[in-house]
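*Asks:* Please see the structure below; I have some questions.
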Amino acid sequence: MKLKFLNPAPLAWRRFVTAVAVLVCLGAGAVQAADQGPRRYAEGAFDAATGTYTVVKGDDLIAIAERFGVAVGEMKEGNKLTLDKIEVGQKLVIAAAGAAGAAEGKKPNVVFILADNVGYGDLGPYGGGELRGAPTPRIDQLAHEGLRLTQYLVEPGCTPSRAALMTGQYSIRNGLSLIIVPGSPSTLSKDAVTMGELFKGAGYATAIFGKWHLGIEPQSLPTAHGFDEFYGIPPDISWDSATYVDTMILTHSMNVPYDELLAKGPQIVEAVAGGPLRTVKPYTREVRAEIDTNELLPKSIEFMKRQTAAGKPFFLYLPFSMGHFPNLPAKQFAGKSRIGQYGDKLMEGDHHVGQILDTLKELGIDDNTLVVFASDNGPQGETAREMGNQGTPDMGNAGPFRGELGEATEGSIRTFCFVRWPGKVKPGTTSYAMFSIMDFFPTFAHLIGGKVPTDRPIDGVDQTDVLFGKSETGNRDGLLTFIGADMVAAR
Ligand SMILES: [Ca+2]
């Protein structure tokens, strides 16, 4: 965000702002935040429609800047931004791109991009990327601009990890510690409180585009749990369901015409809050290959633009397909990597992460948006080895760790995670703090003023201090791992 004057500013003030800007641009040392004197601003002097703040008597511009999350920059000790430098009645344009950013100064947008079965060693900032044969320049950039967690811990499978993320609880508390498959009795309870409900309760617009995997029963849908809109694959199955019809044809398991098979097979679906699940089209291999690039990403960008224009803080949950077999790449990414389709899909996902970051910049909401990019669990094992092309395995890499998803091994439950929030999360930093996927729930609640349920145990802990570089070790001192009903590991 930028502060600029709508009306001609007094010369002294303009010189001062220029000096501050130069100091900031030069990364001047020996500066510190001015905190002398009272920090005041007038509630009500901000006009959200125009994005302007009218200066009133007694204002302190530092306080105004903090109020609206504007980066004024640090100043030399002794310099105070006070009313003697500006005129009462002067209008300040708070946001670079209109009113939206400023209006949401207190409520950051949150974008959570969740990869699937991508391992600790797959991406550039963890020793993969270019060295692995699949360059990830945009994700490398993300690491330069944010925080890289090196002890980020998950549950050992898609459904369990996503249940933990959404509820802030061990998945077993919601009966979801095994991967859901169609027909299994496991499904998210209507009594569960999810991250969708957390954000909705704090006044956010909410959306999920991609894979839910917490159940298809009406009470289990994301749109029954705080999400305004949902578009994606069947909410009780995973990315590989695109191959189900092909398998039925191969095995002659249903002797019906192809069109009928398609109609019986998995379907792309959509829903809005409170409404029914609607069928969009059959979920085929062709749809699988293009869904991230042609559907989930454009829908995500459109959602962010729409909410920004409406001046509404938003929570975007984008659990896209990067990493999960079969890693069928979109056309423009086929053959891009040196390691077959798994690498192609990493590069496709890298591009999508970049597109999300570009959109935030374009909308002028970069400084007011917290972005998390993480995996749900470690890499798929040998069953996916033969599904790649050119003889290369269609599966991730756990880096220095042993194991694959479904196990209680480090390679299964430890993977990558980046957090980026310009001005709040220090760029180019790394934290070794023990950080569970469950911790995002209470951490987000803290950051957005959301309500954590008090009628049930919450296993996540508030890790705001880790994100802001104020704590080396964080608030977590242990973690349990369950597989099904069994507790199989503790750290
Ligand atoms: Ca997974």
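The values are calculated or read from the model by the stated rules, or taken from the named source; none is laboratory data. No experiment lies behind these values; they were computed from the predicted model shown. When we count neighbours, we look across all protein chains shown, and the Cβ atoms used for this are built from the backbone with ideal geometry, even at glycine.
*Asks:* Check whether at least one residue in region 381-388 is in a loop (DSSP other than H, G, I, E, B) and within 16 Å of the ligand (Cβ to nearest atom), and report yes or no. Break it down into steps so the answer makes sense when it comes.
*Replies:* Residues of region 381-388 in a loop (DSSP other than H, G, I, E, B): 381, 388.
After this cut, where a residue has to be within 16 Å of the ligand (Cβ to nearest atom) as well, the list is 381.
Looking through region 381-388, at least one residue is in a loop (DSSP other than H, G, I, E, B) and within 16 Å of the ligand (Cβ to nearest atom).
*Asks:* Go through (1) assigned to a loop (DSSP other than H, G, I, E, B); (2) in contact with a Gly (Cβ under 6 Å, 6 or more places away or on another chain); (3) without any contact (Cβ under 8 Å) to a residue 60 or more places away in the chain for Gly121 and report which single condition fails.
*Replies:* Every listed condition holds for Gly121 apart from (3).
*Asks:* Give the residues of region 218-257 that are in a loop (DSSP other than H, G, I, E, B), away from the ligand (no atom under 16 Å from the Cβ) and modelled with pLDDT of 95 or more, sorted by residue number.
*Replies:* Looking only at region 218-257, we keep the residues that are in a loop (DSSP other than H, G, I, E, B), and these are 221, 225-228, 233-238, 252-257.
Applying the additional criterion that residues be away from the ligand (no atom under 16 Å from the Cβ) yields 221, 225-228, 252-257.
Listed by number, the residues that qualify are Leu221, His225, Gly226, Phe227, Asp228.
*Asks:* Restricting to region 413-464, name every residue that is in a helix (DSSP H, G or I) and either outside the structural domain of Gly119 (by TED's automatic domain parsing) or not aromatic (Phe, Trp, Tyr) (or both).
*Replies:* Kept after step one, since they are in a helix (DSSP H, G or I), are these residues of region 413-464: 413, 437-448, 464.
Answer for region 413-464, where residues must be in a helix (DSSP H, G or I) and either outside the structural domain of Gly119 (by TED's automatic domain parsing) or not aromatic (Phe, Trp, Tyr) (or both): Ile413, Ile437, Met438, Asp439, Pro442, Thr443, Ala445, His446, Leu447, Ile448, Thr464.
*Asks:* Let me ask something else about it. Can you name every residue in region 147-176 that is over 18 Å from the mean Cα position of the chain (by Cα), within 16 Å of the ligand (Cβ to nearest atom) and of a type in the set (A, V, I, L, M)?
*Replies:* Leu176
*Asks:* Can you tell me which residue within region 442-458, out of those that are of a type in the set (Val, Ile, Thr) and crowded, with 17+ Cβ neighbours inside 10 Å, is farthest from Val111 (Cα to Cα)?
*Replies:* Filtering first and then ranking leaves Ile458.
*Asks:* Oh, and also: In region 185-240, which residues are of a type in the set (Ser, Thr, Tyr) and buried (at least 19 other Cβ atoms within 10 Å of the Cβ)? Give the derivation first.
*Replies:* Keep residues of region 185-240 that are of a type in the set (Ser, Thr, Tyr), which gives 186-187, 189, 194, 204, 206, 220, 223, 231, 238.
The answer is Ser186, Thr187, Thr194, Tyr204, Thr206, Ser220, Thr223, Tyr231, Ser238.
*Asks:* Checking Gly396 against (1) assigned to a strand (DSSP E or B); (2) small (Gly, Ala, Ser); (3) in contact with a Gly (Cβ under 7 Å, 6 or more places away or on another chain), only one condition comes out false. Which one?
*Replies:* Here Gly396 meets the rest and fails (1).
*Asks:* Inspect all residues belonging to region 316-338 and state whether any of them is outside any loop (DSSP other than H, G, I, E, B), charged (D, E, K, R), more than 16 Å from the ligand (Cβ to nearest atom) and more than 17 Å from Val111 (Cβ to Cβ). Give the steps one after another, and end with the answer.
*Replies:* To start, the set of residues in region 316-338 that are outside any loop (DSSP other than H, G, I, E, B) comprises 316-319, 331-333.
Imposing the further condition that a residue be charged (D, E, K, R) reduces the set to 331.
Filter once more, so that each one left must be more than 16 Å from the ligand (Cβ to nearest atom): 331.
Checking the rest, the ones that are also more than 17 Å from Val111 (Cβ to Cβ) come to 331.
Looking for residues that are outside any loop (DSSP other than H, G, I, E, B), charged (D, E, K, R), more than 16 Å from the ligand (Cβ to nearest atom) and more than 17 Å from Val111 (Cβ to Cβ), one finds at least one in region 316-338, hence yes.
*Asks:* Among the residues of region 208-217, is any among the small types (Gly, Ala, Ser) and more than 15 Å from the ligand (Cβ to nearest atom)? Don't jump to the end; show me each part of the working.
*Replies:* Filtering region 208-217 down to residues among the small types (Gly, Ala, Ser) leaves 210, 215.
Checking the rest, the ones that are also more than 15 Å from the ligand (Cβ to nearest atom) come to 215.
Among the residues of region 208-217, at least one is among the small types (Gly, Ala, Ser) and more than 15 Å from the ligand (Cβ to nearest atom), which makes the answer yes.
*Asks:* A follow-up question, please. Has region 153-176 got at least one residue that is touching a Ser or Thr at 6+ places or on another chain (Cβ under 6 Å), among the hydroxyl-bearing types (Ser, Thr, Tyr) and farther than 21 Å from Phe373 by Cβ?
*Replies:* yes
*Asks:* Which of the residues belonging to region 248-277 are of a type outside the set (A, V, I, L, M) and either exposed (fewer than 13 other Cβ atoms within 10 Å of the Cβ) or in contact with a Cys (Cβ under 6 Å, 6 or more places away or on another chain) (or both)?
*Replies:* Thr251, His252, Ser253, Asn255, Pro257, Tyr258, Asp259, Glu260, Gly274, Pro276
*Asks:* Separate question: As an exercise: evaluate Lys312 against (1) more than 19 Å from Ala374 (Cα to Cα); (2) within 23 Å of the chain's Cα centre (by Cα); (3) assigned to a helix (DSSP H, G or I) and give the number of the one condition it does not meet.
*Replies:* All conditions pass for Lys312, except number (3).
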